[in-house]
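Here's the structure, in structure tokens; my notes come after.
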Amino acid sequence: FRIIKTDMAKKAFIFDLDGVIVDTAKYHFLAWQRLAAQLGIEFTPEHNEQLKGVSRVRSLEIILALGNVEASQEEKNEWLLQKNTEYLAYVEEMDESEILPGVMQVLDYLKHHKQNIVLGSASKNAKPILEKAKIIHYFDAIVDGNDVSNAKPDPEVFLQGANKVNDSAKNCIVFEDSVAGIQAANLANMISIGIGETEILHEADYIFNDFTFIDLSFIENLINEKCV
Ligand code: B16
Ligand code: MG
């Protein structure tokens with residue numbers, strides 16, 4: 001008889017951080033809101049939605065545009081530092097209780113099945129956050145805001161992640177909560193899984209409200225799906 005060889009290459013499961021693994025968006029919001037108030041700019045939770053998945057520098061530009069505020073590069077640098085210092089004070093208080101529901105179950109399943117686990121985040125603070133959440137050891141590779149030059153929706157962050165674990169894009173699955181992140185995964189030719197609302201993330205291949213809606217048999221199918 002003949003042995004039919006199937007492609008059993010390890011898959012790479014690439015996780016966004018903020019909004020997927022932990023809800024740090026609330027701390028970004030508090031820190032940005034304090035700065036906005038200081039500058040006399042109204043900044044609401046609705047405005048904050050525009051900052052999801054967006055870099056720190058771009059976030060400041062969006063807030064300044066909301067208030068029609070023009071500033072020198074020096075002032076912008078000072079405000080970026082102020083915001084990040086305040087944000088890091090919140091991060092300092094974080095622990096594993098802030099990991100979003102259902103995430104650990106999927107991470108444990110992937111680890112147990114020896115799949116590659118990768119972080120693909122726009123945040124320059126990703127490593128301290130993963131350390132605070134006590135899950136940094138789950139990750140085979142980390143690509144964050146310090147590594148990439150092109151922000152999502154550019155696929156660079158996810159392509160770098162695939163590269164770090166020697167996986168080709170067709171073997172990668174991305175979990176993302178932002179529209180730009182889903183677009184980046186699609187542009188990278190990876191499977192995109194939206195975590196959040198269908199109306200917002202409709203470009204994703206699959207959408208779940210949160211990780212508690214993901215059945216482990218779904219993950220099992222992704223692992224076993226033959227890639228050509
Ligand atoms: P930092 P993600 C993103 O993280 C956040 O969604 C976004 O709101 C934030 O501005 C960005 O990180 C940069 O964060 O100021 O820590 O470098 O969703 O890509 O994990
Ligand atoms: Mg995110």
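Annotations for the structure displayed:
- Complete set of residues in the range 35-57 that are of a type in the set (D, E, K, R) and either in contact with a Ser or Thr (Cβ under 9 Å, 6 or more places away or on another chain) or modelled with pLDDT of 95 or more (or both): Glu42, Lys52, Arg56
- Among the residues of the range 15-50, the one identified as more than 21 Å from Lys132 (Cβ to Cβ) and near ligand 1 (Cβ under 9 Å from one of its atoms) is Asn48.
- Top-ranked residue in the range 2-29 [being among the aliphatic types (A, V, I, L, M) and away from ligand 2 (no atom under 13 Å from the Cβ); ranked as modelled with the highest pLDDT]: Ala12
For every residue, the table says whether it meets (1) touching a helix residue (DSSP H, G or I) at 6+ places or on another chain (Cβ under 7 Å); (2) surrounded by 23 or more Cβ atoms within 10 Å (Cβ to Cβ); (3) under 19 Å from His112 (Cβ atoms); (4) among the hydrophobic types (A, V, I, L, M, F, W, C).
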{"position": "Tyr138", "(1), (2), (3), (4)": "yes, no, yes, no"}
{"position": "Asn163", "(1), (2), (3), (4)": "no, no, no, no"}
{"position": "Gly181", "(1), (2), (3), (4)": "no, yes, no, no"}
{"position": "Ala185", "(1), (2), (3), (4)": "yes, yes, no, yes"}
{"position": "Gly196", "(1), (2), (3), (4)": "no, no, no, no"}
{"position": "Glu203", "(1), (2), (3), (4)": "yes, no, no, no"}
{"position": "Ile207", "(1), (2), (3), (4)": "no, no, no, yes"}
{"position": "Ile214", "(1), (2), (3), (4)": "yes, no, yes, yes"}
{"position": "Glu225", "(1), (2), (3), (4)": "no, no, yes, no"}
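- Screening Met94 on (1) in contact with a Lys or Arg (Cβ under 7 Å, 6 or more places away or on another chain); (2) touching a residue at least 40 places away in the same chain (Cβ under 8 Å); (3) within 11 Å of ligand 1 (Cβ to nearest atom) shows it passes everything except condition (3).
- Options Asp23, Asp16; residue that is closer than 28 Å to Gly196 by Cα and in contact with a Ser or Thr (Cβ under 8 Å, 6 or more places away or on another chain): Asp16
- Residue match in the range 72-84 (condition: under 30 Å from Tyr109 (Cβ atoms) and more than 16 Å from ligand 2 (Cβ to nearest atom)): no
- Residue count for the range 179-218 satisfying the condition of being of a type in the set (Asp, Glu) and within 14 Å of ligand 1 (Cβ to nearest atom): 0.
- Scanning the range 104-119 for residues that are surrounded by 14 or more Cβ atoms within 10 Å (Cβ to Cβ), of a type in the set (Val, Ile, Thr) and within 10 Å of ligand 1 (Cβ to nearest atom) turns up nothing.
- Candidates are the residues of the range 140-150 that are more than 18 Å from Val103 (Cβ to Cβ) and out of contact with any Lys or Arg (no Cβ under 7 Å at 6 or more places or on another chain); the one that is surrounded by the most Cβ atoms within 10 Å (Cβ to Cβ) is Val148.
- Cβ-Cβ under 7 Å pairs, at least 6 apart or on other chains, the range 53-64 side more than 21 Å from Val20 (Cα to Cα), far side part of a helix (DSSP H, G or I) and charged (D, E, K, R): Leu60/Lys76
- All positions within the range 30-52 that are under 30 Å from Cys172 (Cβ atoms) and away from ligand 2 (no atom under 12 Å from the Cβ): Asn48, Gln50
The values are calculated or read from the model by the stated rules, or taken from the named source; none is laboratory data. Since we're looking at a predicted model, the values are computed, not measured. Backbone-built Cβ (ideal geometry, glycine too); neighbour counts: all protein chains shown.
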